[in-house]
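The values are calculated or read from the model by the stated rules, or taken from the named source; none is laboratory data. Computed from a prediction, not measured in an experiment: that's the story for all the values here. Cβ placement follows ideal geometry from the backbone for every residue including glycine, while neighbour counts extend to all protein chains displayed.
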Amino acid sequence: MAIFVLKIDAPLEPSMHSLLIAAGFNQIEIFDSAPKFLEALGINSDGVSNFRPQIDMIMLDGFTQLKDFEIIGAIRGNHRYQDVPIIVTSESREPEIVQMIFAFGANDFVAKPYAPIELTARIRSCLKLKHEIDRRQARERELTVVSKQLTELNSWLARLSLLDGLTRVANRRAFDETYAQEWKRSVRNESPVGLLMVDIDYFKQYNDSFGHQAGDDCLKQIANGIQSVLNRPADFLARYGGDEFVVLLPDTHVSGVKIIGEKIKKQIESLQIAHSTAVRLPFVSVTLGGTSWHPTLTDEINGLVQSADAELYKAKSRGRNCVEVCEYPQSSKSRLKKVA
Ligand code: GH3
Ligand code: MG
């Protein structure tokens, strides 16, 4: 337990040192000059220093004049010593002086001459206070670390809850949220929002021929293949369910939707994932249906997905490995009726 003592009113007397040793304190530094004392605390004229002694208590022994208060001010002005207990002793018992001693930040005052038993009791109670403060601060630091870890864990879980576990692209829930936001943004900005549904061709047969594990690997490759085609930051790919993916294309007219659809189709072809001999095409392919629309406040938000789905259905009927798009709602509404 380190106690720093500054003796102000009298030359160094061995009695203080032996008193503290006798009371069981073993790390005691006694100073007889204020500048040396402040220097030992690492407080220079700017009040800043890298020196950081571990101090449990400070005692200012023998306050005599008003300028001694500056010493308390200098200690308390340094943030490292804001919680270190300070005991002041003085022969003066004038109420103004005692009041000032506390006002400047001392924790306790003992009038001189003091009874050794009283002084050591006061020191013990100040040290107890310091240890309580240290314990509380350590606990607060621990809580800050734990709470930071919890925040990180929560945001990791939140991110995880929006990812498809197999392909690591966004899941259906993330799509629903993003789609609703993009829809509102398009209404506000009067901009088009495009959508593509992408479905793997004859995927059931792929699973049947190569097994579920190979099917899973194939799904991952297809997801990466689609993602590699999307260049704009706002373009958004999600696994819609099973072997179906959805691509949200903000600010994209139907002509742009068609271009992206064709690029995705080509990209998947270029992967040359061998398919079962039972199907017409040697490699795994995808079929796409797309649409685009300038939404307004009164439009039905699900209309776009239904329209893209209808185009997908149409493309599947055309023979697969192709892209069908239309502008929503006019043309697609009649198509929706046709395929229903
Ligand atoms: P189509 O060309 O008409 O799309 O035919 P399809 O066989 O792809 O369509 P269907 O809807 O009949 O089959 C989809 C298959 O996707 C059924 C299921 O075995 C497979 N599938 C769905 N989810 C998963 C998955 O997570 N892993 C694997 N390996 N297969 C899946
Ligand atoms: Mg399929």
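Worth a mention:
- Apart from one condition, Ile58 fits all of (1) at pLDDT below 90; (2) under 17 Å from His17 (Cα atoms); the exception is (1).
- The range 212-243, residues that are buried (at least 17 other Cβ atoms within 10 Å of the Cβ), within 10 Å of ligand 1 (Cβ to nearest atom) and closer than 29 Å to Ile301 by Cα: Leu219, Arg239, Asp243
- Flag if Ile273 is touching a Cys at 6+ places or on another chain (Cβ under 8 Å) and within 16 Å of ligand 2 (Cβ to nearest atom): yes
- Scanning the range 156-168 turns up one or more residues that are hydroxyl-bearing (Ser, Thr, Tyr), farther than 30 Å from Gly62 by Cα and either within 16 Å of ligand 2 (Cβ to nearest atom) or in the same structural domain as Ile28 (by TED's automatic domain parsing) (or both).
- Enumeration of residues in the range 164-211 that are within 16 Å of ligand 1 (Cβ to nearest atom), crowded, with 20+ Cβ neighbours inside 10 Å and among the acidic types (Asp, Glu): Asp164, Asp199, Asp201
- In the set Leu288, Leu281, only one residue is assigned by TED's automatic domain parsing to the domain that holds Ala315, of a type outside the set (Phe, Trp, Tyr) and in a strand (DSSP E or B); that residue is Leu288.
- Members of the range 293-327 found to be of a type in the set (S, T, N, Q) and either under 13 Å from Val187 (Cα atoms) or surrounded by fewer than 22 Cβ atoms within 10 Å (Cβ to Cβ) (or both), listed by number: Thr296, Thr298, Asn302, Gln306, Ser317, Asn321
- Residue satisfying all of: in the range 11-26; in contact with an Asp or Glu (Cβ under 8 Å, 6 or more places away or on another chain) and not in a helix (DSSP H, G or I); modelled with the lowest pLDDT among these: Leu12
- Among residues of the range 205-224 that are within 13 Å of ligand 2 (Cβ to nearest atom), those with a beta-carbon under 8 Å from a residue that is of a type in the set (A, V, I, L, M) and in a helix (DSSP H, G or I) at least six positions away or on a different chain give the pairs Tyr206/Ala214; Asn207/Ala214; Ile222/Ile268; Ile222/Leu271.
- Candidate set from the range 83-138 (those that are touching a strand residue (DSSP E or B) at 6+ places or on another chain (Cβ under 9 Å) and of a type in the set (Asp, Glu)); member that is farthest from Met57 (Cα to Cα): Glu91
- Selected residue [in contact (Cβ under 8 Å) with a residue 12 or more places away in the chain and within 16 Å of ligand 2 (Cβ to nearest atom)] from Leu281, Leu230, Leu249: Leu281
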